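What follows draws every value from the coordinates through simple rules; no lab data is involved. Keep in mind the model is a prediction, meaning the values are calculated, not measured. FYI the Cβ positions are ideal-geometry reconstructions off the backbone, even for glycines, and counts take in every protein chain you see.
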Amino acid sequence: MASSIRVRATANGDITEVQALIQHPMDTGFVKDAKGELIPAHFIQQLKFECNGKDVFVADWGTAVSKDPYVKFSFKGAKKGDDLKVSWTDNKGGSDTTTAKIS
Amino acid sequence: MKARASILLGSLSAALVAFALTSPRVVAADKVDPVADARAFQNFFFQKFPTVKHEDFVNGPYSMNEDMKRQWQEKEEFPPYEFALDAGKEMFATPFKNGKTYADCFPNGGIGIRQNYPYFDDKEGKVVTLELALNRCREANGEAPYSYVKDEMASLTAYMAFTSRGKPMDIKIPDDPRALAAFENGKRYFYTRRGQMNFSCASCHVQSPGERIRAEILAPALGILNAMPIYRSEWSGMGTTSRRFVTCNSQTRAVPLEPQADEYRDVEYFLSYVANGLPISGPGARP
Amino acid sequence: MKPSLPLAMVLAFLLALGLAPAARAANEADYKTAYSAAEAASKEAASLRHQWTVTVSALAAAKKAADGGDFDRAVAAAKEAEALAKASIFQATTEKEAWKAMEIR
Amino acid sequence: MTSLTGPSATRRLILQGAASVALLGLGNLPFGAAPARAAANDKYPEEAFKQKSEADAIKALYGKTAEPSDKVKLDAPEIAENGGVVPISVTTTLDKVTSISFFVAENPNALAASYRIPDGTIPGVANRLKMAKTTNVVAIVEADGKLYSATKEVKVTVGGCGG
């Protein structure tokens, strides 16, 4: 199965811009399904970006982050070709990890 | 994503010129004149919205409102249809159980052909949409057809549209009374009021594009199908042209027709033909 | 954008007729009469491909009320469904020509 | 507060058991003694996400209050095209930023997202949030141990016959 994580990391001089999109329902626990039953909350709690052995960005999320969440940030100290490791964990114990090359 | 945008822009001027130069077809049938209809349709929108670039009409409500356009451009940096697009690409390349693929069913292996759909099939005597052609391809190869409104069908058409981005819509109406009748029937469907709200498609998308219905900015009818399929935030997911027709009907409190009903096929034929020359922009993202 | 006024008025009028308070409590026979009239009108609307969602809902509500033994409500809903179905038939009929008024030429 | 470094699954199990204890501890600590969101702290702030009001969520997350600052630039649409997907971003000219958090005042739980900004990461983030209705959105930037905020109203209306 394809990864749930799409990431684009582009170095421009010393600054690397990172955009990530993750496939996840981010169910709030407040919405009912077609049968009128509440869909239990199911959401990513933590999303982490690591580069060269160091956390460069850590997101703590609640249910108010949109379905298929998106995030963009920038950090210093990486160069083209470096690995950026992205991983998430959700409230039901689900998780996924991917590694992207900075371009 | 930026490359996609420039492709769109680049091919556009050529497309519009090509459209302007299309030789007038000889129409004998009583006053069904698609060429004149398309010209009038486009001119109506170009004059109503003189500041909107012609190629921008295919971006629906985003061509009409700056604040919305900014939100959309932000989303397009990593568009919500990305996953459907990837899934569609994979599905398209995956062989059926008999070893054949979608590519075997379509001209040019199915790549870069979205702008030619729907077309008039002279054997069947009816309009054939891309969604219909995809399911026929599946059935011809012993596979079960997909739902017309979302999921796999949306993913497949998203991929096929993506390979055709920037190509000018190029719908042909052969000199065949049945094709002209289909066009005319689609036109009638488009302008006919229905549902308890007594709205036609045109009530919203011709008379009031750019205006708000509650929170939403109405899309112009011109080029509205060029962006299909779309990821609608309201749906939290993808939907096909069929899904758009069905939901438009229900919103006016009309009982929708079954997807790929003759009327829907015809209205798709009409709307696509009058958008000839405008670039394919699908898959799209909408509120 | 704007629903055309005349149709809305016709509709309001039909609805008012349908919902006029009955002099006595309705019985099952009243319901059956009202329901079959509504059903016939709605079938005609469907055959014209001009069925309204609200007609379908009103018919369903009538049936549900009747199943629950509430024939007053069932008759009222059936009459509403019939009025809605007739309004949609009226719409289909007028639109046979009227659509051309909206066409871009 | 302990800093757990085990695999995330283990950490979560421990977290869920320890969450209430952690919060109690936080409440008892003297003001400013424990920067709740220091970059080294790897915990998911479960209790802060459970708070209903913005004020309670800020207190649970940071243990102090924020002051408005024009150095926090919050970018949000005036009218959300759809309350389910509202693009919101923050940038700041403040120094020594350690975290950035977003609160949606009218949501059932106000805290939407909190981002830790380690050394070397540019203090700015763009994300997409859900909003139940027209609401104030508050961004809080934690810089040099203090909290700075910016607030903007986003109008949210229900969808209809659009697109």
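The value for the range B:88-141 of Rg(Cα) / (2.2 N^0.38 Å) is 1.15.
For the range C:26-97, what is the Kirkwood hydrodynamic radius in Å, using each pair of distinct C-alpha atoms? Result for the range C:26-97, one decimal place: 11.8 Å. Put simply, the C-alpha atoms of the range D:96-149 give a gyration tensor, and the ellipsoid matching it has half-axes of 23, 11, 8 Å, longest first.
Pair-distance distribution P(r) for the range D:44-156, from all Cα-Cα distances in 5 Å bins starting at 0: 2, 13, 25, 25, 21, 10, 3, 0 percent. Put simply, the range A:5-101 fits an ellipsoid with semi-axes of 31, 11, 10 Å; these come from the alpha carbon gyration tensor as the roots of five times its eigenvalues, largest first.
Each Lys and Arg Cβ is given +1 and each Asp and Glu Cβ -1; about its Cα centre, chain B then shows a dipole of about 360 debye. What the Kirkwood sum gives for the range B:155-266 is a hydrodynamic radius of 15.4 Å, with every pair of different alpha carbons counted. Size of the range B:244-287: Rg and Dmax of its alpha carbons, in Å, are 12.3, 33.
Of the trypsin sites (Lys or Arg not before Pro) in the range B:149-255, the ones in a loop by DSSP (not H, G, I, E or B) with at most 14 other beta carbons within 10 Å are B:Lys172, B:Arg214.
Taking other Cβ atoms within 10 Å as a rough exposure proxy, A:Tyr70, B:Tyr159 sort from fewest to most as A:Tyr70, B:Tyr159.
Annotation note: trypsin sites (Lys or Arg not before Pro) in the range A:1-58 located in DSSP loop regions with a Cβ neighbour count of at most 15 within 10 Å are A:Lys35. Springs join every pair of Cα atoms under 10 Å in this Gaussian network model of chain B, and among B:Asp176, B:Asp56, B:Asp67 the largest mean-square fluctuation is at B:Asp67. By the Cβ rule of 4.7 Å, chain B holds the following cysteines without a possible disulfide partner: B:Cys201, B:Cys204, B:Cys248. Just so you know, the Cα atoms of chain B work out to an Rg and Dmax of 18.0, 53 Å.
Rg over Rh for the range B:45-175 works out to 1.03, using Cα positions for both radii and the Kirkwood form for Rh.
Annotation for the range B:29-87: trypsin sites (Lys or Arg not before Pro) lying in DSSP loop with at most 15 further Cβ atoms inside 10 Å of their Cβ are B:Lys31, B:Lys53.
When the helices of chain B are scored as -39500 (n - 2.57) per DSSP H run of n ≥ 4 and the total is divided over every residue, the value at 222 nm lands at -13500 deg cm²/dmol.
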